[in-house]
Structure formats: structure tokens, C-alpha cells
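The block underneath contains the structure these notes are about, expressed in C-alpha cells.
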Amino acid sequence: TITAPATFAITGENEINVSAGILMAKVTTAKGKGFTVRTPGGPVRDLGTLFGVEIDNAGTSGVQVFQGEVELADSRGETVKLLEGNAMRRAAGKPVPEVLLSDSAKQTGADAKHRAPARAGSKHFWRR
């Protein structure tokens, strides 16, 4: 699901480029594993999951994993896995940052599936 306003292009059978907006992805088949969302901050590759990606107009990317895990890479090829219940934000052109954890982000399982992006001022933040 892509939430407008958004700027995106489908670039392959298993790949999308999102430069602004919000995308929620649920990958449920083996063929879908490896689905990649290309963002200004670097690619987000699905490893079997339910996850959300938000990119603001400045190119800052936010990723939250509700179920499963994803792999993030930066322009230098450095990667980090982001596990269920964790979130991360990074600016375009910057190295992969540390994983951001909060009490609400540490929840997993059924509770994690019900989180959704919520508008707070002019930015989106993931919340339960």
C-alpha cells in the first residue's frame, strides 16, 4: 500500500523506487522474499516480513518492521538487519545508523502488526 502524496516508480517485478511518501509492504510468498524498496537513504530488502517505509521531502527515510526482518544498505554497501519491532531513520547519503529502539518499538507479535504511521505536525512517526 502506498499513501499519497508519494513519488514512486515500479522498477522491476520485485522492486520499487520511492523518493517521497509512505509504503506499507506485506510479503507473504517465497517468490516475494527479497522485495526491495529503493529510497534516497539506500535500499530496504525484505527478508520475509511486514514493514513500513516513510520518506520525507528532504530524503530522510524511516523504516519500521512489524513482523519478520529487513536488510538495509547504504551507498557504501554496508548493511544492517532490522528485526521485528525495531525502527530506524537515516538521511540520504549518510552511513547506516544505529537501530532506534523505544519501549513501544520493542513490542513484537500481534501488537506490532497494529502499528501504523500517524501524522504529527508535518512529519510521520510510527506509533501503535
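Points worth noting:
- Between residue 24 and residue 80, the contour length at 0.36 nm per residue exceeds the Cα-Cα span by 18.2 nm.
- Full-extension gain in nm, residue 71 to residue 91, via 0.36 nm per residue minus C-alpha separation: 5.6 nm
- Restricting the stretch 37-85 to GluC sites (Glu not before Pro) that sit in a DSSP loop and have at most 13 other Cβ atoms within 10 Å of their own Cβ leaves 78.
- Exposure ranking of 89, 38, 76 by accessible area [1.4 Å probe, largest first]: 76, 38, 89
- Segment residue 14-residue 31, extension gain: residue separation times 0.36 nm, minus the distance between their alpha carbons: 5.2 nm
- For the residues 61, 19, a 1.4 Å probe over the protein chains yields an accessible-area ranking, largest first, of 19, 61.
- Sequence of 10, 2, 55 when ordered by accessible area, the most exposed leading, probe 1.4 angstrom: 10, 2, 55
The values are calculated or read from the model by the stated rules, or taken from the named source; none is laboratory data. Remember, it's a predicted structure, so these values are computed and weren't measured experimentally. We place every Cβ from the backbone using ideal geometry, glycine too, and count neighbours over all the protein chains shown. Accessible surface areas use protein heavy atoms only, side chains included; no ligands, DNA or RNA. Shrake-Rupley method; radii C 1.70, N 1.55, O 1.52, S 1.80 Å.
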